[in-house]
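Colleague: Encoded as structure tokens, here's the structure I'll be asking about.
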Amino acid sequence: MPLIRLFLLVPLMLALAGPALAGRHALVIGNSAYDALEDLRNPGYDAAAYHAALLGMGYRSTLHTDLGLDGTLQALDAFMDTLSTGDEVVFVFSGHGWSDGAVNYLLPTDAPASGSDRVLERASLALRNGHDGVLDELEQLGVSLSVAIIDACRNNPFEPRAGTKSASISRGLAPVSAPVGSFVIFSAGAGQEALDYLPSDRPEDTLSVFTRTFLPRLTAGLYLETAISDAQIETYDLARSVEGHLQQPAY
């Protein structure tokens, strides 16, 4: 079965075999309120929306918001302890992120506002680094399928310290080599910044620009590849309306 058909088939499987859905797990993290970095408007809403959608699709979803590094590691460890070989896993992160050009890092709420690459790496969560990143650990556990949805790096969050070398920050998350059995979705292409919101948003517009285009297609039962392809077009058009901003989701 092609991996991209997973989300299309879930509603049918729900109707035919409720108990057979054991082994589908999701971890959703949304970080909006940062201690030293710029606060973000919508990650908490993004996370709640993904959590509700995944529950509706038969996943045992765990939701966390505004986690510091210790809380993030504890949540990740507790989640990994629930997984078994052959499970299907979805990991969602919405918040600040950065890249050193090779590894993508997701930022907990207590990340510092500046520092060397080494300091920032220790204060961040690696998506995939070849040994203890989120995708690396899922691969080591032997899950049959992992889908990572990363809505991060809305801007360059770090300020260089006076008199010191600033971190080697890329303006967008770097391309990632996904393990076999993985599907990784980024809210923006390599070298691009993802928009948290649009200047024209109304109070009820509480999702990031990518999530508001992608999630409705996901919950409508489209193939995952079709959902992201359609969301690429709409996200691109919405972003270009903001002074020509370039944002095209990638997978």
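Colleague: Residue 83 - would you say it is surrounded by fewer than 17 Cβ atoms within 10 Å (Cβ to Cβ) and touching a strand residue (DSSP E or B) at 6+ places or on another chain (Cβ under 9 Å)?
Modeller: The answer is no for residue 83.
Colleague: Looking at (1) hydrophobic (A, V, I, L, M, F, W, C); (2) part of a helix (DSSP H, G or I); (3) surrounded by 19 or more Cβ atoms within 10 Å (Cβ to Cβ), find the lone condition where residue 238 falls short.
Modeller: (3)
Colleague: Further, regarding this structure: Restricting the search to segment 215-234, which residues are free of Cβ contacts under 8 Å to residues at least 60 places away in the same chain and closer than 15 Å to residue 47 by Cα?
Modeller: 216
One line per residue, one yes/no per condition, for (1) modelled with pLDDT of 95 or more; (2) in contact with a Cys (Cβ under 8 Å, 6 or more places away or on another chain); (3) open to solvent by 30 Å² or more (accessible area, probe 1.4 Å):
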{"position": "54", "(1), (2), (3)": "yes, no, no"}
{"position": "69", "(1), (2), (3)": "yes, no, yes"}
{"position": "77", "(1), (2), (3)": "yes, no, yes"}
{"position": "92", "(1), (2), (3)": "yes, no, no"}
{"position": "100", "(1), (2), (3)": "no, no, yes"}
{"position": "105", "(1), (2), (3)": "no, no, no"}
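Colleague: Just one of 128, 122, 118 is at pLDDT 85 or above and either open to solvent by less than 60 Å² (accessible area, probe 1.4 Å) or closer than 30 Å to residue 225 by Cβ (or both); which is it?
Modeller: After ruling out the rest, the residue left standing is 128.
Colleague: Give me the residue from segment 56-67 that is touching a Phe, Trp or Tyr at 6+ places or on another chain (Cβ under 9 Å) and assigned to a loop (DSSP other than H, G, I, E, B) and, out of that set, least open to solvent (accessible area, probe 1.4 Å).
Modeller: 57
Colleague: Which of the numbered conditions does residue 229 fail, given that it passes all the others? Conditions: (1) open to solvent by 70 Å² or more (accessible area, probe 1.4 Å); (2) part of a helix (DSSP H, G or I).
Modeller: (1)
Colleague: Can you tell me which residues in segment 194-222 are outside any helix (DSSP H, G or I), of a type outside the set (A, V, I, L, M) and surrounded by fewer than 19 Cβ atoms within 10 Å (Cβ to Cβ)?
Modeller: Scanning segment 194-222 gives 197, 199, 200, 201, 202, 203, 204, 205, 206, 221.
The values are calculated or read from the model by the stated rules, or taken from the named source; none is laboratory data. In this text, all values refer to a predicted model and were calculated from it rather than measured experimentally. We place every Cβ from the backbone using ideal geometry, glycine too, and count neighbours over all the protein chains shown. Ligands, DNA and RNA are stripped out before the accessible areas are found, and what is left, the full protein with its side chains, is counted by its heavy atoms. Shrake-Rupley method; radii C 1.70, N 1.55, O 1.52, S 1.80 Å.
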